[in-house]
1. Every residue in region 382-410 that is under 17 Å from residue 464 (Cβ atoms) and surrounded by 14 or more Cβ atoms within 10 Å (Cβ to Cβ), please.
2. Would you say residue 422 is touching a residue at least 60 places away in the same chain (Cβ under 8 Å) and within 35 Å of the chain's Cα centre (by Cα)?
3. List the pairs whose first member sits in region 440-454 and is at positive phi and free of Cβ contacts under 8 Å to residues at least 60 places away in the same chain, whose second member is surrounded by 11 or more Cβ atoms within 10 Å (Cβ to Cβ) and part of a helix (DSSP H, G or I), and whose Cβ atoms are under 9 Å apart, counting only residues at least 6 apart or on separate chains?
4. Restricted to region 88-112, and to residues that are under 31 Å from the mean Cα position of the chain (by Cα) and at pLDDT below 95, which residue is nearest to residue 51 (Cα to Cα)?
5. Those residues that are touching a helix residue (DSSP H, G or I) at 6+ places or on another chain (Cβ under 7 Å), part of a loop (DSSP other than H, G, I, E, B) and farther than 25 Å from residue 343 by Cβ, I need them from region 360-382; list them, please.
6. Out of (1) touching a helix residue (DSSP H, G or I) at 6+ places or on another chain (Cβ under 6 Å); (2) surrounded by 15 or more Cβ atoms within 10 Å (Cβ to Cβ), the odd one out for residue 81 is which?
7. Picking from 718, 698, which residue would you name as being more than 22 Å from residue 641 (Cα to Cα) and in contact (Cβ under 8 Å) with a residue 60 or more places away in the chain?
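The values are calculated or read from the model by the stated rules, or taken from the named source; none is laboratory data. Bear in mind that the values here come from a model prediction, so they are computed numbers and not experimental data. Cβ sites come from the backbone with ideal geometry, for glycine too, and all protein chains shown count toward neighbours.
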């Protein structure tokens, strides 16, 4: 059965091997054991239940929290020739009837369901009539009240499993779960002696940074401008900020849309699909957006405001780089965000949870102000023990830190808050410190205070920034509801009494270049060509582009210049079904690019490299040069088309073999590759544009003249005017 799993992985999904933890989880499911898998986003959780679903008899039930996630995963599976469907509130009555009828007949290998369906008696009857191989619970943290996305309907899952005629194995998965949430998942889903696997929370492909720009919006515009064409999410804390940022970006000509709970369901759906289908580049959203989004090619996530807890931040940031390629997660921090979050906690009414909420908020403040490795901080929060001293992939490890002494400024501000009776917010305190003679200040005789005007040389922005920092670091409490006021904390009194020094940290980072797609240099022009082709195909089929092929797969095509079926099957993410469906289109695009840029096909380059290597003594019969095999077949009378069919090579590879043999001095009748009536035109173009690039020559000629003709004409031209080696 385990051999079948690797066969399914290669044939359907196009991967040569499993990622960390996948194989052990799959093996346990195939043995009929319950599972709790805690794996970071991008670690391949979905494969852990999709592969056993194909290996086992019957239908796998997948409980999934969001419509968008179900649709994307079902689209992806159907694209690979795997029968899958979903049942949720988006279906019409006839669609629902068709799917339930097919499901009862065993037509699907995977059936995705919304947890709310478990409250329907008729749905229980459907499940009881089906042959269920096992039950997979995605986003399993939703079952726990201690989780950050609690869904009451998830508590019905255990009832469903208990009522089935025969209890199937249950596999629960989540990306983030504290030890308390893990205990809840096991207890509330009634997992029986589950195999628990925690693969770790590290996402090595993600770059983390906390930036503290003086103007967040200007930073954002500059960043998006440098990463044009890449998909990104900008998270904001309020609907008002979403509207403001989205409107300003739109006015600057940036391809952008918005998402928050204040929009109609129809607009939210339309805007989400526009982003998923790559019709817009950027989505500005509140935290209402993203859970269950399966879009793999998000290259950056920017938090315009600081989230209230590390769980929220890491889950939202983790939506970047799901394809395993390089991506960036940047938090734009200002201490004012702490003030906003504290007010939200204060006014939430849930006093029982306030202490825990304040603790989580302080952990985010500490993350935003740490001098140490950001990755190490995150991993430590999730109880990882193998922590890097320096990860060399975060802003703190790659940048430098400057500390500014604000002891005197802090003393002045705290003194002013105390002298004004701890009755006002930052606006009045700032005006008093700057010596603003307003009617309000005069009426209260605050212009007579010793602190009046003692910071008149400071801008109001600077004073407010320091006040916000004092709030963030718990020197100042924020009280009140509609009109928040500032008050000194016990920590402030200790600071004033002990004469401690206080520093504010500023991170000095290098300018942000365009996000690099991979460690290995990729031909950007070819990547964009393949990305355009992918978009055309996706639009015709009405699926998101990443469903056709991921960015990681396109990058691998660029690395390998995969222009044959054999080469495409060696590309990560290309299985047999997708090869049959898309192989010819992508091979043709790569072939065209190879010809346009006069690139030696990789098979030929590899053959040349192998030929230069000395033979080992043990190699009594070295492998025959692939070019010579083609040459011998051609000189024995085979046509190029016949050789293509016999050897499983593309036409351009066969022609490349023959041209290479010609350049090595082997006799070959090559004139047939150059149309006699077109030769003068080709030679004139070569004279005009030179021999380095073929594309200018091609563009100057009649459309019917092929790159093959040009290549052989270039060889003839060189042999006439230069010595051919």
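1. Hits for region 382-410 are 406, 409, 410.
2. Details: touching a residue at least 60 places away in the same chain (Cβ under 8 Å): yes; within 35 Å of the chain's Cα centre (by Cα): no.
No: the conditions fail for residue 422.
3. As it stands, the answer is 453/432; 453/433; 453/434; 453/447, since those pairs meet every condition given.
4. Within region 88-112, the subset under 31 Å from the mean Cα position of the chain (by Cα) is 88-91, 108-112.
Checking which are at pLDDT below 95 leaves us with 88-91.
Numbers: 88: 23, 89: 27, 90: 27, 91: 26 Å.
Going through the qualifying residues, I end up with 88.
5. Once the filter is applied, which keeps residues that are touching a helix residue (DSSP H, G or I) at 6+ places or on another chain (Cβ under 7 Å), part of a loop (DSSP other than H, G, I, E, B) and farther than 25 Å from residue 343 by Cβ, region 360-382 yields 371, 372, 373.
6. So residue 81 meets the others, but not (2).
7. On the way: 718 fails: in contact (Cβ under 8 Å) with a residue 60 or more places away in the chain.
Residue meeting the stated conditions: 698.
This table checks each residue for (1) closer than 21 Å to residue 382 by Cα; (2) not in a loop (DSSP other than H, G, I, E, B).
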position	(1), (2)
275	no, yes
279	no, no
305	no, no
312	yes, yes
315	yes, yes
319	yes, no
330	yes, yes
338	no, yes
358	yes, yes
